[in-house]
Amino acid sequence: MSDRDPDVSLLRPYLMTSGRTQPVDDTLEIEAQVMSSRLGAAAHGDLAFERREIISLCRKTMSVAEVAASLGLHIGVARVLVADLAALGYVEVRRPGTRLAQDLSMIERVIRGLEAIR
Amino acid sequence: MDSKPFAEPSGRPPTPVKIVIAGGFGVGKTTAVASISEISPLTTEAAITSVGAEVDRAAQVPAKTTTTVAMDFGCITIDEEVKLYLFGTPGQDRFGFMWGDLVRGALGALVIVDTRRIDDCYPAVDYFEKAGLPFVVGVNKFDGSLAHDPADIRWALAVAEDVPMVIFDARDKLSVRDALLAVLRNTFDRARQAAATT
């Protein structure tokens, strides 16, 4: 058991996400790629705090997990914020394919990529 | 940084794929990720809220407990369009909530075993078996040696005969690469068998 008071540690994320704990799209994968859009760039000045930081950060494409780590956010919070920004069209999200473990050509492609590592 | 003009995003973001690296605490997950990742392993927190066994008598509802678990990850560029993520997770039973997220869409898993504490990896093995995610057992050679014979380790793990087992060194980049290749080849073989029987 953590000796931290869970009510205290959860308060800030709760405020950041306006009280929601479920993202708009609750299936957004932690490895999904996030890239700021032109619309997001244009809205950048109007955004505050973490949303603004995400738009700045995702000028360089990165995963939801990297957004969380870079901004020191709980991964669940990062996921909610990214899903919100995506719903507004401020970020473009590239999600992994479905049934990847059955996708022979993708698996072969990753094998070739790893084999090239020396 | 905010005053800099935005660069035009060039092209589409890459397609992400992932491999899960599981095992008990201190088994070499972070070391393995660090050995091969292009970026220094990043850490993020994931809180797990679970319904506790104790009932709050005043409210007559089960008490909720929140546990925070650190998850390490790294990545490898496969080609211009594909990026491989490695997620290292402490595979404990009570982190059940996290498993679904990690396993969904994964290409496979590497379960790292420390032969001095074999039972630490049982929850991960159980979960991957139930979830149907192909996995490989990776026995980490601590200080270049194994405390037990590979046949004994397999017996202790009680994994199916067809689950591959590799012996590797989490500190060595090429050894980690080969362990990941074993994971992918195992997934490939299973996918091909499944395709052949349908």
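The helices (runs of 4 or more DSSP H) found wholly in the range A:50-118 include none carrying at least 2 residues that are aliphatic (A, V, I, L, M), farther than 20 Å from B:Lys18 by Cα and within 7 Å of chain B (Cβ to nearest Cβ). Would you mind stating whether B:Gly132 is at the interface with chain A (Cβ under 10 Å from one of its Cβ atoms), buried (at least 21 other Cβ atoms within 10 Å of the Cβ) and on the phi > 0 side of the Ramachandran plot? So B:Gly132 fails the test. Among the residues of the range A:30-48, is there at least one that is more than 12 Å from the chain's Cα centre (by Cα), surrounded by 12 or more Cβ atoms within 10 Å (Cβ to Cβ) and modelled with pLDDT under 75? No: zero hits. For the range B:67-89, the criterion of being in contact with a Lys or Arg (Cβ under 9 Å, 6 or more places away or on another chain), more than 23 Å from B:Ile19 (Cα to Cα), buried (at least 16 other Cβ atoms within 10 Å of the Cβ) and at pLDDT below 90 is met by at least one residue. Of everything in the range B:12-38 that is modelled with pLDDT under 90 and facing another protein chain (nearest Cβ under 9 Å), the residue that is surrounded by the most Cβ atoms within 10 Å (Cβ to Cβ) is B:Pro13.
The values are calculated or read from the model by the stated rules, or taken from the named source; none is laboratory data. Remember, predicted model here, so these are calculated numbers, not experimental data. Here Cβ is always computed from backbone atoms with ideal geometry, including for glycine, and neighbour counts include all displayed protein chains.
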